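Chemist: Before I ask anything, let me first share the structure, which is written out below as structure tokens.
Read-outs: derived from the displayed coordinates by stated rules, not from any lab. None of these values were measured; they are calculated from a predicted model. Cβ: placed from backbone, ideal geometry, glycine included. Neighbour counts: every protein chain shown.
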Amino acid sequence: MLNLHCFCATFLNIRTNNEDNFYFNNYYAEKIHTDEAYEAVLTDKKPQLFAVFDGLGGEENGELASYIAAKTLASLNTTDGYYAEANKNICGANKNYPTKTSGTTAVIISVYNECFSCSNIGDSRAYVIRNKEIIRLSVDHTSLQALLSAGVITKEQAEKSKYKNTLSQCLGADEDNIKINPHIGETELIEDGDIFLLCSDGLTNLDDDEIKKIILSSPKESVCQRLFNSAVSAGSKDNITIIVIYASKEKNIFEKLKRSINRLCGK
């Protein structure tokens, strides 16, 4: 069985309202007007879902889209059929605002039976830190990433580009014009000590190695705040939402007994 020590925080940064949303311990926010932080200790006896959403299309519209995306995930409580359903719901809401359209990114990690899977659409990201190495689990749906993947530009050119946040995919796309194609990752085993991160793109002006260093050097209870502070120091002006999950495997009874005997023997 897995033990999951989980932390979630969302920060307004310099904005007056928050277009981000999240799904954490069966909770999502109807409105976010202040910084919020949550902690939970969970197990994988039942499926657990964690998600971050970053709304697009202006303050009120983006806030509505990320809220609908979070609410849809809560109602389904699974990623099966989720992206199509959330897209339909957001497009339905957009019909009430014909002069403005809204959309949202989504990145989701599901955990169950000592395994995880990751899916996403847009540029909100998920990572796992394993054996002191950081691995990106999500795929950025941006015009820049498409050029990078095709070998048209280099990683160094991409990092300097002003177009790195131009999305090629998001929830809220009219499927008469654009067919959504979310990234669906493989189901993988979780290793003891894995650390998962989900975040909106306000955090990712930090490079991956810097994110890893901050997480590995921070106390669990302050990891979200330290990531946010570092992103702001690096120039981020966007809302930032962060979920960090520390996974540990519960030892079986024989391993526990052996450890207890070793302690008694002073080993």
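Chemist: To the nearest 10 degrees, how steep is helix 82-94 against the longest Cα principal axis of the chain, on a 0 to 90 scale?
Modeler: The answer is roughly 40 degrees.
Chemist: Separate question: Students often get this wrong, so check it: of 71/251; 71/100; 31/132; 71/220; 88/251, which have C-alpha atoms separated by over 32 Å? The partial results should precede the final answer.
Modeler: Values: 71/251 36 Å; 71/100 21 Å; 31/132 36 Å; 71/220 28 Å; 88/251 44 Å.
Where the Cα-Cα span goes over 32 Å, the pairs concerned are 71/251; 31/132; 88/251.
Chemist: Place a label point 7 angstrom from the Cα of residue 112 along the Cα-to-Cβ direction, then list the residues of region 66-88 whose backbone nitrogen is under 13 Å away.
Modeler: Zone members listed by number: 76-82.
Chemist: How large is the translational diffusion coefficient of the chain in µm² per second when you combine the Kirkwood radius over alpha carbon pairs with Stokes-Einstein at 25 °C and 0.890 mPa s?
Modeler: 128
Chemist: Kindly express, to the nearest 10 degrees and within the range 0 to 90, the angle between helix 253-264's C-alpha long axis and the longest C-alpha principal axis of the chain.
Modeler: Helix 253-264 and the main axis of the chain meet at about 60 degrees.
Chemist: Give the angle, between 0 and 90 degrees and rounded to the nearest 10, that separates the Cα long axis of helix 208-217 from the longest principal axis of the Cα atoms of the chain.
Modeler: The helix 208-217 is inclined about 40 degrees to the chain.
Chemist: P(r) tail for region 5-73, what percent of Cα pairs lie past 21 Å?
Modeler: In whole percent, the share of Cα-Cα pairs in region 5-73 beyond 21 Å is 24.
Chemist: What residue among 27, 118, 135 has its Cα farthest toward the positive end of the dipole of the chain, where the charges are +1 on Lys, Arg and -1 on Asp, Glu, each on the Cβ?
Modeler: Result: 135, furthest along the dipole toward the positive end.
Chemist: Highest mean first, how do 120-127, 9-16, 207-214, 182-189 rank when packing is the count of other Cβ atoms within 10 Å averaged over residues? Before the final figure, lay out each step's value.
Modeler: Values: 120-127: 26.6, 9-16: 17.8, 207-214: 15.9, 182-189: 14.0.
Packing proxy ranking, top to bottom: 120-127, 9-16, 207-214, 182-189.
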